[in-house]
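Here's the structure we're looking at; comments come further down.
Just so it is clear, none of the values below were taken in a lab; they were calculated from the coordinates. All values derive from a computational prediction rather than experimental measurement. All Cβ positions, even for glycine, are placed from backbone atoms using ideal geometry, and neighbour counts span all protein chains on display.
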Amino acid sequence: MQVHTKKHPTNDIITLQLKVRRHNAPLIKRYAEAIESEEERTYSIAEVFPEYIGKETQVALRAYRTREELTQKQLAELTGIPQHHISEMENGKRSIGKERAKKLAEALHCDYRQLL
């Protein structure tokens, strides 16, 4: 014998509150509208975060370091690269270079070419 169960509504509307930079708000709104209309649309990283265009290596270095849960000081100890140099690389004030990229990649478990 089947038991009647209560069905949960599948089209509930909820309100979301997001904190985003003012210049990203129109993109987020368009994305939400596309989801609601079930329109397929993808956005590139450059569309959503234009402030990072041209800073891919700095972002990659910080992202890999964060993924490995390392501080700049810990990464410096692992690689022999001074901590202030790592800071300068992450902030785009110092280039990484092939040899340093290889040391960093070994400590961060990634391909060194991602850091060049």
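The table below gives the values:
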| quantity | calculated |
| --- | --- |
| Cβ-based exposure ranking for LEU27, LEU16, in which fewest neighbours within 10 Å come first | LEU16, LEU27 |
| Average Cα contact separation per residue, the chain, under 8 Å, 6 or more apart, as relative contact order % | 19 |
| Taking VAL20, VAL59 and counting other C-beta atoms within 10 Å, the order from fewest to most | VAL20, VAL59 |
| Per-pair calculated FRET efficiency, R0 = 30 Å: TYR52 and LEU18 via Cβ, rounded to 0.05 | 0.95 |
| Total charge dipole magnitude, the stretch 54-115, about the Cα centre, Cβ charges on Lys, Arg, Asp, Glu only, Debye to nearest 20 | 180 |
